[in-house]
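K.L.:
I am attaching a structure below and will ask some questions about it afterwards.
The values are calculated or read from the model by the stated rules, or taken from the named source; none is laboratory data. A quick note: this is a predicted structure, and the numbers were derived from the prediction, not measured. Ideal geometry is used to build each Cβ from the backbone, glycine not excepted, and the neighbour counts take in all protein chains shown. Please note that ligands, DNA and RNA were not included when accessible areas were found on the heavy atoms of the full protein model with its side chains. Shrake-Rupley method; radii C 1.70, N 1.55, O 1.52, S 1.80 Å.
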Amino acid sequence: DFVPPAQEIDVTYETGWNLVGLPLDVSNPNYISLFPDAIEETLYGYQPNGYVQGDSLFHGNGYWLRFSDENTTTISGSVLDDLQISLAEGWNLISGITTSIAVNNILDPSELIIPGTVYGFDNGYLEAETIEPGYGYWLRSSGEGEITLSSSSQTTARMVTAQEPENENTLKFGNQTLYFGNNIEVENVLSYSLPPKPPTGAKDIRFSGDTKLCATDECVIEMVNDEQLITIGCDINDGESWEIIPVIASGTGWSEAISLSGLDQFIVDSEVEQWILRKSKSTIPNIFALYPAYPNPFNPVTTLRYNLPEDAKVTLTVCDLMGREVTQLVNTPQEPGFKSVQWDATDSFGKPVSAGVYLYQIQA
């Protein structure tokens, strides 16, 4: 009898939760045999009613698996060139074959795959362009049916990846991007839906309703993160003004709205799991105001926010408790608006300052 040659595939994983799959025909599909460093009893597959714990991997299925440290494992077995996968309507957790397959090369004769809904996971969900061997992927289907992954398949005419919406604003957390704005128009809203939330301990950010798209002037953001503070990047269209405010004040007392105008990133407290993102009524504040530093205490960066109701020459200085100037964060004429600046605990020469209490003063 002919015995196919053995194949080896290296699968790299990160600390925490990972999506994994079985890319070869192996003699022992037990998860500890395949991933010796995995945390025991953390293998979870998915069925339409939720996650299901297991101990072995099967071809075509994707799985959550948790690791205490990042590393690489080598899987040995026989080549898997073709794979037919049965899909249920809604979200499916799948895996691929021995070779990398472009998402647009998946054979989908019934056009079940909703464009833009093939996701991998790397510290957050991200849209996948390829199905890589050894990893798991989410896929949303418009109905029941079958798809085929084949090493010999050619590019199809149908594009399964999605384009970014036009006229969008964005929030970015890790590899995840949220799109918002009340001028957004899209062909298929389901193309921007997100898979089920990952297990507890994984990073995730989304709009309520399990989507990465909000086309109204007020939306609810749901965040999950195992770190105390979350840094989020933002990009707001010129002429638009948005703010974010916690649904419930955190244990640190954070309850004020954060204006996103003029910011390229901001920091929020992970104790607050729901935030309201809304269009601001005005881009210009009514009164001058200086807000408490947040976070405080901090390491390594804190944000100092202030409101400027009119044109002014602004100077914002950090001093030590003796009143000696440590650094000047702002020294320039500014137009009115909701302003902020970050301090990274360095002095005017860029050297880190010693731990302790510091004062900041603004003149306008």
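K.L.:
Working only within the range 271-319, note down all residues that are in contact with a strand residue (DSSP E or B) (Cβ under 6 Å, 6 or more places away or on another chain), among the charged types (D, E, K, R) and farther than 19 Å from Leu260 by Cα.
P.N.:
Lys313
K.L.:
Here is a further query. Mind checking whether some residue in the range 332-344 is touching a residue at least 24 places away in the same chain (Cβ under 8 Å), in a loop (DSSP other than H, G, I, E, B) and open to solvent by 80 Å² or more (accessible area, probe 1.4 Å)?
P.N.:
Kept after step one, since they are touching a residue at least 24 places away in the same chain (Cβ under 8 Å), are these residues of the range 332-344: 334-344.
If we keep only those that are in a loop (DSSP other than H, G, I, E, B) too, we end up with 335-336, 344.
From the residues that got through so far, the ones that are open to solvent by 80 Å² or more (accessible area, probe 1.4 Å) too are 335, 344.
Yes.
K.L.:
Right, another one. Hey, could you check the range 168-193 for residues that are of a type in the set (A, V, I, L, M, F, W, C) and under 21 Å from Ile230 (Cα atoms) and say which is nearest to the chain's Cα centre (by Cα)? Spell out how you get there, then give the answer.
P.N.:
Taking the range 168-193 first, the residues of a type in the set (A, V, I, L, M, F, W, C) are 171, 173, 178, 180, 184, 186, 189-190.
From what is left, the residues that are under 21 Å from Ile230 (Cα atoms) are 171, 173, 178, 180.
Details: Leu171: 9, Phe173: 4, Leu178: 8, Phe180: 15 Å.
Per the stated criteria, the residue is Phe173.
K.L.:
Tell me which of these Val220 doesn't satisfy, since it passes every other one: (1) closer than 26 Å to Phe298 by Cα; (2) not in a loop (DSSP other than H, G, I, E, B).
P.N.:
Val220 satisfies every listed condition except (1).
K.L.:
Moving on. In the range 224-239, how many are outside any strand (DSSP E or B) and at pLDDT 85 or above? Even if it seems obvious, please write down each step before you answer.
P.N.:
Just the residues of the range 224-239 that are outside any strand (DSSP E or B), to begin with: 225-228, 236-239.
Now drop any that are not at pLDDT 85 or above, which leaves 236-237.
Residues meeting the conditions: 2.
K.L.:
For the range 44-57, does any single residue satisfy the condition of being in a loop (DSSP other than H, G, I, E, B), open to solvent by 70 Å² or more (accessible area, probe 1.4 Å) and in contact with a Leu (Cβ under 9 Å, 6 or more places away or on another chain)? Give the steps one after another, and end with the answer.
P.N.:
Of the residues in the range 44-57, the ones in a loop (DSSP other than H, G, I, E, B) are 48-49, 54-55, 57.
Add one more test, that the residue is open to solvent by 70 Å² or more (accessible area, probe 1.4 Å), and what stays is 48-49, 55.
Imposing the further condition that a residue be in contact with a Leu (Cβ under 9 Å, 6 or more places away or on another chain) reduces the set to 55.
The answer is yes, given that some residue of the range 44-57 is in a loop (DSSP other than H, G, I, E, B), open to solvent by 70 Å² or more (accessible area, probe 1.4 Å) and in contact with a Leu (Cβ under 9 Å, 6 or more places away or on another chain).
K.L.:
Next question. For the range 1-43, how many residues meet the condition of being touching a Phe, Trp or Tyr at 6+ places or on another chain (Cβ under 8 Å), open to solvent by 20 Å² or more (accessible area, probe 1.4 Å), part of a loop (DSSP other than H, G, I, E, B) and touching a residue at least 60 places away in the same chain (Cβ under 8 Å)?
P.N.:
Result for the range 1-43: 1.
K.L.:
Checking the structure you have, find out if any residue of the range 143-157 is open to solvent by less than 70 Å² (accessible area, probe 1.4 Å) and in contact with a Pro (Cβ under 7 Å, 6 or more places away or on another chain). Steps first, please.
P.N.:
Taking the range 143-157 and keeping what is open to solvent by less than 70 Å² (accessible area, probe 1.4 Å), we get 143, 145, 147-151, 153, 156.
The next check asks that each one be in contact with a Pro (Cβ under 7 Å, 6 or more places away or on another chain); those that pass are none.
No, the range 143-157 contains no residue that is open to solvent by less than 70 Å² (accessible area, probe 1.4 Å) and in contact with a Pro (Cβ under 7 Å, 6 or more places away or on another chain).
K.L.:
Now for a separate question. Return the residues of the range 275-306 that are over 25 Å from the mean Cα position of the chain (by Cα), of a type in the set (S, T, N, Q) and closer than 29 Å to Ser208 by Cβ; say none if nothing qualifies.
P.N.:
Ser282, Thr283
K.L.:
From the set of residues in the range 276-304 that are among the hydroxyl-bearing types (Ser, Thr, Tyr) and open to solvent by less than 40 Å² (accessible area, probe 1.4 Å), which is modelled with the lowest pLDDT? Spell out how you get there, then give the answer.
P.N.:
Restricting attention to the range 276-304, the residues satisfying the condition of being among the hydroxyl-bearing types (Ser, Thr, Tyr) are 280, 282-283, 291, 294, 302-303.
Imposing the further condition that a residue be open to solvent by less than 40 Å² (accessible area, probe 1.4 Å) reduces the set to 280, 294, 302-303.
Values: Ser280: 79, Tyr294: 75, Thr302: 86, Thr303: 83.
Among residues in the range 276-304 that are among the hydroxyl-bearing types (Ser, Thr, Tyr) and open to solvent by less than 40 Å² (accessible area, probe 1.4 Å), the one modelled with the lowest pLDDT is Tyr294.
K.L.:
List the number of the failed condition for Met322; all other conditions in (1) closer than 30 Å to Leu178 by Cα; (2) of a type in the set (A, V, I, L, M, F, W, C); (3) not in a strand (DSSP E or B) hold.
P.N.:
Every condition holds for Met322 apart from (1).
K.L.:
Which members of the range 58-75 meet the condition of being over 17 Å from Trp138 (Cβ atoms) and open to solvent by less than 60 Å² (accessible area, probe 1.4 Å)?
P.N.:
Phe67, Thr73, Ile75
K.L.:
Now for a different question. When the residues of the range 345-364 are narrowed to those that are among the hydroxyl-bearing types (Ser, Thr, Tyr) and in contact (Cβ under 8 Å) with a residue 12 or more places away in the chain, which ends up surrounded by the most Cβ atoms within 10 Å (Cβ to Cβ)?
P.N.:
Tyr360
K.L.:
Here is a list: Ser27, Ser56, Ser86. Which entry is in contact with a helix residue (DSSP H, G or I) (Cβ under 8 Å, 6 or more places away or on another chain) and either over 20 Å from Thr200 (Cα atoms) or modelled with pLDDT of 95 or more (or both)?
P.N.:
Numbers: Ser27 fails: in contact with a helix residue (DSSP H, G or I) (Cβ under 8 Å, 6 or more places away or on another chain); Ser86 fails: in contact with a helix residue (DSSP H, G or I) (Cβ under 8 Å, 6 or more places away or on another chain).
Ser56 is the lone residue from the list that is in contact with a helix residue (DSSP H, G or I) (Cβ under 8 Å, 6 or more places away or on another chain) and either over 20 Å from Thr200 (Cα atoms) or modelled with pLDDT of 95 or more (or both).
K.L.:
Taking the stated definitions as given, is Ile97 aliphatic (A, V, I, L, M) and part of a strand (DSSP E or B)?
P.N.:
Numbers: aliphatic (A, V, I, L, M): yes; part of a strand (DSSP E or B): no.
Taking the combined requirement at face value, the residue does not satisfy it.
K.L.:
Just one of Pro165, Pro196 is open to solvent by 20 Å² or more (accessible area, probe 1.4 Å) and under 19 Å from the mean Cα position of the chain (by Cα); which is it? Talk me through it step by step, then tell me what you get.
P.N.:
Numbers: Pro165 fails: open to solvent by 20 Å² or more (accessible area, probe 1.4 Å).
Going through Pro165, Pro196 in turn, just one is open to solvent by 20 Å² or more (accessible area, probe 1.4 Å) and under 19 Å from the mean Cα position of the chain (by Cα): Pro196.
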